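Encoded as structure tokens, the structure appears first; notes follow it.
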Amino acid sequence: MTRATAYLQSHPLADWLIREEPRYQPVGDEVQAFEAAHAHRLPLLLKGPTGCGKTRFVEYMAWRLGKPLITVACHDDLTAHDLTGRWLLDAEGTRWSDGPLALAARYGAICYLDEVFEARADTIVALHPLADARRILPLEKRGEVVRAHPDFHLVASFNPGYQRMEKALKPSTRQRFTALAFDYPDQAAESRIISLEAGIEENIAKQLAAIGSRTRRLAGQGLEEGASTRMLIHAATLVKAGLPIRSACMQAIVDPLSEDAALLDALREIVNVSLY
């Protein structure tokens, strides 16, 4: 048994270790920027539109660094206790169950809060003691203070385009994080990503990348956001499965993006002029 294998089997969070390399194509210096933040355990906020690769990037970095990754999908009903933990009653009596944030802090993992601004304000405040120099997590219901493991790293993401005034991150939260801005890759890079992810021919990937680029020009003109890289990969996957490319674009791009008749006509026209 190698030392690495022994580590994988003995780590308390072994189930959260990523065993195979996620496919990720760097588009700038984001890998080095993450590594610098991780080296000093500086909380990191990833900002960017839906489906541009933020989550895949975190998965890739967790694999690259050999750290467990605990992901939390944030939403309106997420409470602080959902993150930190609670007492449970079972056949043997009451027992404490750590939440994902407490698990990551106690045993040393990257804790990734996906779309963090969707969480309630009182839930986000629970992050503050872990996101500053204290690096502690008070578990008030248990009467315990968890001091973060040296390997604990807090990472969060959000989509600036979806912010509303009542949901915006407060300065007291923002200023605890360093930040990386993400966007969709340029058309040539996106074409390569589509081709690699879906395993399709380059000429099809180029057409899909062109569709994505054109739909994004409609953002702010009735369309909240254009087609994400994820949607383009979905379309490519359908093509790979044998669906005609036009039908694949309707299923994976046009129909999911809008219910507005005028916008749907505009999106269909984009597909028509982009295919050859």
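Values in this text are rule-based calculations from the coordinates and carry no lab data. Not measured: the values here are computed from a predicted model. No Cβ is skipped: glycine too gets one built from the backbone with ideal geometry, and neighbour counts run over all protein chains shown.
Some points to look at:
- Positive dipole terminus of the chain, leading residue within L130, C74, A119 (C-beta point charges): L130
- Label-point gap, in nm, between L243 and R217 - each point 7 angstrom along Cα→Cβ: 2.6
- Choice from G143, G199, G85 showing the highest fluctuation, given a GNM over the chain with Cα pairs closer than 10 Å: G143
- GNM top mover of V145, V58, V239 - the chain, alpha-carbon springs below 10 Å: V145
- The Rg/Rh ratio for segment 187-274, using Cα coordinates for both the radius of gyration and the Kirkwood hydrodynamic radius, is 0.94.
- Antiparallel bridge percentage (DSSP; both residues within the chain; nearest 5): 35
- Extreme residue, positive dipole direction of segment 154-236, given options G212, V155, T229 (C-beta unit charges): V155
- From helices alone, the chain scores -11500 deg cm²/dmol at 222 nm; the rule is -39500 (n - 2.57) for each run of n ≥ 4 DSSP H residues, then divide by the residue total.
- Residue list for segment 118-161, given a label point 7 angstrom along the Cα-to-Cβ vector of W87 and an amide N cut-off under 11 Å: 141-143
- Long-range Cα-Cα pairs in segment 95-167 (distance over 21 Å), rounded percent: 29
- Candidates E92, E30, E259, ranked by Gaussian network fluctuation over the chain, Cα under 10 Å, top entry: E92
- Shape metrics for the chain, restricted to C-alpha atoms - Rg then Dmax, Å: 21.2, 67
- Per-pair calculated FRET efficiency, R0 = 51 Å: R268 and E21 via Cβ, rounded to 0.05: 0.85
- Candidate cross-link partners of K141 among the aspartates and glutamates, defined by an alpha-carbon separation under 13 Å and a same-chain spacing of 8 or more, comprise D82, D98.
- Each other residue within a Cβ distance under 11 Å of P138 adds +1 if Lys or Arg and -1 if Asp or Glu, for a net charge of +2.
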